[in-house]
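Only one structure is covered here, and it is reproduced in the block below.
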Amino acid sequence: MTFQWRDNSIRILSVFIALLLWVYVTNEQNPVTDQTFSVPLVAQDTPRGYVVEGLPGTVSVRVRGTRLVVGALQREDFSALVNLSGVKPGRQEVRVQLIAPPEVEVLHISPAMLTITADKIEEKNVPVTAVVKGMVADGLQSGAPVVEPATATVRGPSGALTGISQLSVTVDVSGAAETVTREVRLDTGLEGVTAGPERVRVTVPVTALPVQSLPVRLRLTGEPAPGYEVSGTEVRPQEVRVTARDTVLRGINVVNTMALDISGISTDVEREAILVLPDGARLVEPDRVTVIINVARVEEEQPPPEEEGGNETEPGEGSR
């Protein structure tokens, strides 16, 4: 009996020693280690007609396992998923689900919970306007631009569409000598918001500037020499031609000269006066006029003559 116990004890001790050796060798040759992987995040079951914001492209996953197992892993061995089937409009939280190889222990997922914002995709029609940039060739004017089609359909999250009341395009007409037609791409300027059609046609008419004859108004500064005054003025020509847009011409009644100094003159003078280009006008022809200024002596006022006998007493007044 004792002999058999010894045999069993030896066997048990051998197994224990073997186990210790296996653990030692395993820990030395293939120890347990941690490693972090960046795993792409995949959204599943997004409701039709919704857009979701706040989803990162990847999540960080930290796992533990033996060095041989962990060292052979790649990011493709993991799957990070988020199920969006139950999302509703507004902010909400969803959990990240991870599928990992069974040989490793998942220690940490970052982030494990995501705060997302869901919004419905909607459409609406808005007008399209055109802005004209630059100046056409001299003597010409650009008219009101015509956009075809005049409306566009914008599509995107309802929250983003609230701030869109119109779309605007820009057409450069610098140096144009005839009507300009351009196809311009529509751009909403917002990520996730598209416009249809993608391009519109803009026509900007280019026509000759109208010309109108307007009177010249002489502006004088200073005073003639003492004892003299201005007795008359003459402007040659009395009218000049002004080239400008219709809207500008409607606001111009006269063309002024630059102030002409007549300080100290005592004889008639003939001078040249430069014309002031009215605001918004393109051209004034001629750009200067001849001015004739007549002066005359100031006549001194004579005192009124005294009445004869004005201080004498009427006969008979003193005896009354």
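Mind ranking Ser158, Ser266 by accessible surface for me, highest first, 1.4 Å probe?
Details: Ser158 30, Ser266 50 Å².
Ranking Ser158, Ser266 by accessible area, largest first, yields Ser266, Ser158.
Could you sort Glu285, Glu239, Glu300 by accessible area so the largest value comes first, with the probe set to 1.4 Å? Working shown, then result.
Values: Glu285 75, Glu239 110, Glu300 160 Å².
So the residues, ranked largest to smallest area, are Glu300, Glu239, Glu285.
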Worksheet item: Counting only the heavy atoms of the protein chains, how much of Arg245 is accessible to a 1.4 Å probe, in Å² to the nearest 10?
Response: 90
Worksheet item: For Met113, Met258, what's the largest-to-smallest order of accessible area, 1.4 Å probe?
Response: Met258, Met113
Item to complete: Read phi for every residue in the stretch 247-259 and hand back ³J(HN,Hα) as whole Hz from Karplus 6.51 cos²θ - 1.76 cosθ + 1.60, θ = phi - 60°, with x for Gly and Pro.
Response: 5, 6, 4, 5, x, 10, 10, 9, 10, 8, 8, 5, 4
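Return the inverse of the average 1/r over all pairs of distinct C-alpha atoms in the stretch 110-157, which is the Kirkwood hydrodynamic radius, in Å to one decimal. Walk me through the numbers before you get to the answer.
On the way: mean 1/r = 0.0647 Å⁻¹.
Its Kirkwood hydrodynamic radius stands at 15.5 Å.
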Item to complete: Find the all-direction average of the projected area of the Cα convex hull for the stretch 157-203, expressing the result in square nanometres with one decimal place.
Response: 3.9
Worksheet entry | Rg and Dmax [Cα atoms of the stretch 219-273; Å; Rg one decimal, Dmax integer] | 15.1, 47
Worksheet item: Along its principal axes, what span do the Cα atoms of the stretch 30-152 show, with the longest given first and each in whole Å?
Response: 88, 37, 18
Fill in: Solvent-accessible area of Leu55 with every protein chain in place, 1.4 Å probe, in Å² to the nearest 10
60
Worksheet item: With every protein chain left in place, what is the accessible area of Val211 in Å² (1.4 Å probe, nearest 10)?
Response: 90
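The values are calculated or read from the model by the stated rules, or taken from the named source; none is laboratory data. Just so we're clear, the structure is a prediction, and the values are computed from it rather than from any experiment. Quick note on the areas: whole protein, heavy atoms, side chains included, nothing else; ligands and nucleic acids left out. Shrake-Rupley method; radii C 1.70, N 1.55, O 1.52, S 1.80 Å.
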